[in-house]
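Report on one structure; see the data block that follows.
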Amino acid sequence: MQSILILNGPNLNLLGQRQPEIYGRTTLDDIREMCTEHAQTLGIEIEFEQSNHEGALIDRIHQSKALHDGIVLNAGAYTHTSWALHDAVASVELPTIELHLSNVHAREPFRHHSCLAPVVIGLICGFGANGYRLAMDAMYSWLEDSA
């Protein structure tokens, strides 16, 4: 059975409270529940985690090599600054999808750059919480096509 790590970065624990005009009112727990239900419909396993700490995210990416077939990564603001996350994704050699709730390209200029883009298989942004389902579907298809 396929297994996907869904990894969330800094400030995503505040979803539903933080800037709802940008990120919506859906909480991270709501998203976790939605992903768990969607995983059941796809017949896959998921692990869903969040950390505000860059090193903890890197550790989870490293550990995923032995546990998962792919990664969906919403790295939050670390997307735009963390070459360490870039290197972690590159080092595990697992297909990874970069995910953002908002359309980062319609926001502040500093959000237009992604340190992750060179090492991910694709990017989903601007679809709010539904982006997680889209990312899971995309990863499922990628893994099925690669089998």
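The values are calculated or read from the model by the stated rules, or taken from the named source; none is laboratory data. Keep in mind the model is a prediction, meaning the values are calculated, not measured. Here Cβ is always computed from backbone atoms with ideal geometry, including for glycine, and neighbour counts include all displayed protein chains.
Based on what the data block shows, is MET34 surrounded by fewer than 20 Cβ atoms within 10 Å (Cβ to Cβ), hydrophobic (A, V, I, L, M, F, W, C) and part of a loop (DSSP other than H, G, I, E, B)? Explain how you work it out, then say what you get.
Numbers: surrounded by fewer than 20 Cβ atoms within 10 Å (Cβ to Cβ): yes; hydrophobic (A, V, I, L, M, F, W, C): yes; part of a loop (DSSP other than H, G, I, E, B): no.
When the stated conditions are applied, MET34 does not pass them.
If only residues of segment 80-112 that are in contact with a His (Cβ under 7 Å, 6 or more places away or on another chain) and not aliphatic (A, V, I, L, M) are counted, the one that is modelled with the highest pLDDT is HIS80. Checking ASP87, ASP69 one by one, the residue that is surrounded by fewer than 18 Cβ atoms within 10 Å (Cβ to Cβ) and over 13 Å from the mean Cα position of the chain (by Cα) is ASP87 and no other. Among the conditions (1) free of Cβ contacts under 8 Å to residues at least 60 places away in the same chain; (2) acidic (Asp, Glu); (3) farther than 22 Å from LEU15 by Cα, the only one that ASP137 does not satisfy is (1). The requirement of being in contact (Cβ under 8 Å) with a residue 40 or more places away in the chain, of a type in the set (D, E, K, R) and assigned to a helix (DSSP H, G or I) is satisfied by ARG60. Each residue in segment 121-147 was checked for being on the phi > 0 side of the Ramachandran plot and assigned to a helix (DSSP H, G or I), and 0 of them qualify.
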